[in-house]
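Chemist: A single structure is presented below for examination.
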Amino acid sequence: LGKSNSNMYDQMKSMINKKDDLSNTALHYATQKWPQTTVRKLLQMGANIGIKNHWKELPITKIRPETLESFFSEFCLTSDGDVEHEDFSMTFKYDFLAPDIEALPEKFKKHSSDPEEHQDLINSNENTSGPALPETEPLWYMSQSKEHRHLLKHPVITSFLWYKWQRIRRYFNRNLRFTILFVFLLTWYIFKTLGSSSQKTVKDRSDLSWYISFLCLAITMFFFIIKDWILDMKNYKRNQTIENAATSKENSCSMLMNILLSNWVEAVFIAVNIALIIVGSSILEAVLSSLLVLLLLREMMQMTVSLKR
C-alpha cells in the first residue's frame, strides 16, 4: 500500500471503495481480519468510513478510536511553518468524509470527463445546480458509537461542522424567525378575537400588552437579522479574498447591494414587522393569512425535496 509504485498506488486508490457481492469494501475486510496499521493505510488512500455492506455494517464501528484519532491528527491535520510566524498555515483534509461516488445513486453522480474532479470533497467557490451530497452521513454514524463519539470534538471534525454551519446558518435562522413570528401573531390573534372578557377597557389593555410584547420581539429579531447581515458581509469579503481577482475589487456599495438582494426575504420580514408596529393589530388577519400561505408553500417544497431524495 505504499507509494513506491505510483501507478499501482493510483489504481488502488481509484478502486479503494469498490464493493464485492456482499457489498463489502476493502475497509470492511481490513477491520475484521487485518491489523490496524493496514486500516490506517486504507484510510489514507481514501477508504470511506460510512459505507454499509449487505448486513448494514459500517467499517467505523470496528476501527479503534485511537486509530482514527491518530489518522485525524497526523494525516488530516497538517501545518506549514513556525507557529509564531505570520505565514504559519494549517491544512485540513476532509476526504474521508466524501461520499463514495460509486456507491451513490445515479442521480447523485457527477458525470465528468476529468477524473480529477471526482477527488474533490469541498469546493466552497463552486456553484452547481446538482443535488447535495450526504457529506455528513459518516459523522452521524460516528455519533452513534459511544467509543468514537469523543472524536466529534477533534479539530478536523469541528472545523468541518463549522464550515457546514456557515453554509446553512442563514436558512436555519430564517426558518426559526418565521416560525417564531407566525406562532406569536397567531397567539395574539386568538387572544384578540376569542378573548372571554367583554369589557372594552380590559380588551384594550390586553391588546396593548400584546403590542408591547410584539415590539420587544420585533426589536430582538431586527438585532439578529442585522447580526446575520454583518456575518454575511464578512463571509462575502473572505470569499472574495480567496477567489481574488486582484484586478477587480468590488466596492462597498456593490457588496452591500449583493447582500441585500440575497437576503430579500429578511427585507420583506422587516417590512412586515414595521407595518405591524405602525398599524397595530388591525392588520393581524391579513398578515397571518400571508404567513400561512408562505408556510404551506414551504412545507410543500420540503415534502417535494424529501420525496426526490
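All of the numbers you see were taken from the coordinates with simple rules; none came from a lab. Not measured: the values here are computed from a predicted model. So basically every Cβ, Gly included, is an ideal-geometry build from the backbone, and we count neighbours across all protein chains shown.
Chemist: Sort out for me the Cα centre separation of the range 22-85 from the range 156-191, rounded to whole Å.
Modeler: 35
Chemist: Just to check I understand the Karplus step: with θ = phi - 60° and J = 6.51 cos²θ - 1.76 cosθ + 1.60, what whole-Hz values come out for the range 19-27, glycine and proline as x?
Modeler: With coefficients 6.51, -1.76 and 1.60, one gets 10, 8, 5, 9, 6, 7, 9, 4, 5 Hz.
Chemist: Same structure again: If we count every other residue with Cβ under 13 angstrom of Gly280's Cβ, Lys/Arg +1 and Asp/Glu -1, where does the sum land?
Modeler: Working: positive: Lys192; negative: Asp204, Asp207, Glu285.
Once all neighbours under 13 Å are counted, the net charge is -2.
Chemist: Continuing with the same structure: Which of the chymotrypsin sites (Phe, Trp or Tyr not before Pro) found in the range 56-98 are loop residues per DSSP with 15 or fewer other Cβ atoms within 10 Å of their Cβ? Walk me through the numbers on the way to the answer.
Modeler: On the way: sites: Phe71, Phe72, Phe75, Phe88, Phe92, Tyr94, Phe96; in loops: Phe88, Tyr94.
Those that pass, being in a loop and sparsely packed, are Phe88, Tyr94.
Chemist: Shifting gears a bit: Going down the list Lys33/Lys93; Lys41/Lys237; Lys146/Lys237; Lys13/Lys33, which pairs span over 29 Å between their C-alpha atoms? Walk me through the intermediate numbers first.
Modeler: Working: Lys33/Lys93 27 Å; Lys41/Lys237 39 Å; Lys146/Lys237 40 Å; Lys13/Lys33 20 Å.
In this structure, Lys41/Lys237; Lys146/Lys237 lie more than 29 Å apart at Cα.
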